[in-house]
1. I'd like the Karplus ³J(HN,Hα) series for region 495-500: coefficients 6.51, -1.76, 1.60, θ = phi - 60°, whole numbers in Hz, and an x wherever there's a Gly or Pro.
2. Using a 10 Å cut-off on Cβ atoms, rank the peptides 559-572, 228-241, 105-118 from the highest mean neighbour count down.
3. Would you mind calculating the gained length between Ile575 and Phe122 on full extension (0.36 nm times residue separation, minus the Cα-Cα distance), in nm to one decimal?
4. Quick one: if the Förster radius is 56 Å, what FRET efficiency do Arg75 and Val567 give, using the C-beta to C-beta distance and rounding to 0.05?
5. How about Lys406: which lysines have a C-alpha closer than 16 Å to its C-alpha, ignoring those fewer than 8 places off in the same chain?
6. Place +1 on the Cβ of every Lys and Arg and -1 on the Cβ of every Asp and Glu in region 81-584, take the dipole about the Cα centre, and give the residue among Phe165, Cys465, Ile509 whose Cα lies farthest towards its positive end.
7. Which Cα, out of Gly273, Ser241, Leu339, lies furthest along the positive dipole direction of region 234-391 (beta carbon charges, K/R +1, D/E -1)?
8. I need the peptides 515-521, 160-166 ranked by packing, meaning the mean over residues of other C-beta atoms within 10 angstrom, with the highest value on top.
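Derivation of every value follows stated rules applied to the coordinates shown; laboratory data play no part. Everything numeric in this text was worked out from a predicted model, so none of it was measured. No Cβ is skipped: glycine too gets one built from the backbone with ideal geometry, and neighbour counts run over all protein chains shown.
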Amino acid sequence: MPPVPTDTAAPQPPDAPRRDAAAATAAAAAAPAGSGKRGAPGRDELGEGERGAHGHARPRRAPSRRRGVKAAPERETWTRQMDFIMSCVGFAVGLGNVWRFPYLCYKNGGGVFLIPYLLIVFVGGIPIFFLEVALGQFMKQGGIAAWNIAPLFKGLGLASMVIVFFCNSYYIMILVWGLFYLVHSLTDTLPWATCGHSWNTEQCTELFNLDLCQNVSINTTRSPVIEFWENKVLRLSGGLSEPGEMNWEMILCLLTTWVIVYFCIWKGVKSTGKIVYFTALFPYVVLILLLVHGVTLPGALGGIIYYLKPDWSKLVEAQVWIDAGTQVFFSYAIGLGALTALGSYNRFHNNCYRDAYILAVINSCTSFFAGFVVFSVLGFMASEQGVDISKVAESGPGLAFIAYPKAVTLMPLSPLWATLFFIMLLVLGLDSQFVGVEGFITGILDLFPQPGAGSLRRELTAALCCIICFLIDLSMVTQGGMYVFQLFDNYSASGITLLWQAFWECVVIAWVYGADRFMDDVARMIGYRPLPVMKWCWAVVTPLVCVGVFVFHVVNYKPLTYNKTYVYPWWGEAIGWVLALSSMLCIPCTVIYKLLRCKGSLPFPSAPAILRDWAGAVPPCQVSISNCWDHQGSRGSCFGAPACPTTMPSHPGGVSQQFLPHRRCTL
């Protein structure tokens, strides 16, 4: 079927005017094919659809605009490309790199753990990281609207928004605790170093040496560090069913933290891009200072040996591979939609493929480097107390608020090192927090675009988001708040939800939209096609990795406990599964909803909404739309999606395809 000439109006889908406005800026922002700019793909790369019906170059003509339809405002971009790099470093390099990776490395065979970790980084972490950033950069949309690239699976965007919203709600509590510790570090004597305070019990013992307590029940002696954490900071109750009173000191810290987050993101990426230079780089300065000090302490070498000592037998244990996969997906911030939002602020021709590898190296090297910092101090603490390092090695909040503060009390100038550590903890978590909130706000604003609304709409949306999260967080500053925090941490953004999200992202791009087509789209942006291995990772390897780790998670599922002593009631775990399924079910529910809304009978629904109906960052002529064949196998075009005309159509960016009884079109 010949291309539809531009003089003849092609049939328009009923919602074309709505898409016209959303696509106007994106269509104008991309350089036309054949413009001669450096990095622009040639004819062979772009395919036949880049030229006119007879292979001649299209005249560059400004697209006409329908009467009464206003163009969308030009999308904000980073002031400089380094802003994007720093934002990704700040978001992805967080507390998990410092308090989780070193412990997993020690627990799973030392240096041997790097083998499964790096393998999953290259076949899982980098491909999905690159996919999310490239998708946002190409579509110029946030985490929800970017999945208009495959509208039947728009639930992927909704799921990512649910996950990142939950993360934004509970992750900030770590900053609240860090701020509380930081304030109490500004004293001559650290309050968790001694007993005799109002929160201490009669069992409090300052010099807690296991060798001196062999004839004493472990339950009769408690460290002042643990009592400060449980009795002063958490004011821990007996369980989830005992919420108790609110802690006004924690409420004040919570309010302060949310105010800081709000003013970091209220003006958009122009302000965020400047703040991340400090929040992303300062933790490295503190880590270096802590390492220099740590390696000079007695026993530090023993701690580092424990960290790196290889145990090759661990490679055959399934748990090692589960831990490696989970750590990669957590530390690379995959499946949250925030990377897509950050990528959407890139310039169209930014080399996101190169950026993905740069950021992967920074992320993994930071994790490995942090292990030397942590285990040099833990080795010193084990040496001072005369115990094996396995007795003091911790991960997660146990490392940040028990093990490390306890080690600091044994150092000279302990308030100084405690202050530096908690400043680093606060800054590490702060940029992860406000970039996550930025990603959520971007997704919401792109879902409900209002051209010409101005910056006030963004500021009000950011304020509303912070207020709602603050109200949710009030449940975590009660005496039972730690139990609520663990529910969110173990279910709402667990390894299961992230693996489910990552699996479907790869399947949709590789098998629904088409891996080759997406590689062509990337080539239009960066000027060349990525290595073919990336395509095969999306199509086969990465989904298999996700399925494998997911199955191991489900098979090895254990009831949730706190501190290995308190077992959550059945209704508590039920709440946790509701949190997990609230994001996981977004994908199948959206598919079912869109199929039920279709007119016509399957397998030939007539509704274009479930097929390709999107306005990418390039004009329709640059979109792979000639992907239909008639019943004889001849290539043609679909109804409403003409092949590349000689001039721009009157509805830039609007592409719609429908199934017809005598045609088959690729989704």
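1. Using θ = phi - 60°, the values come out as x, 5, 5, 5, 5, 4 Hz.
2. Working: 559-572: 12.6, 228-241: 18.9, 105-118: 20.4.
Sorting 559-572, 228-241, 105-118 by mean packing, highest first, produces 105-118, 228-241, 559-572.
3. On the way: separation 453, 0.36 × 453 = 163.08 nm, distance 3.50 nm.
So the extension gain works out to 159.6 nm.
4. With R0 = 56 Å, the Cβ-Cβ based efficiency is 0.65.
5. Lys232, Lys391
6. The residue sitting most towards the positive pole is Ile509.
7. The residue sitting farthest along the positive end of the dipole is Gly273.
8. Numbers: 515-521: 19.1, 160-166: 26.1.
The peptides rank, most packed first, as 160-166, 515-521.
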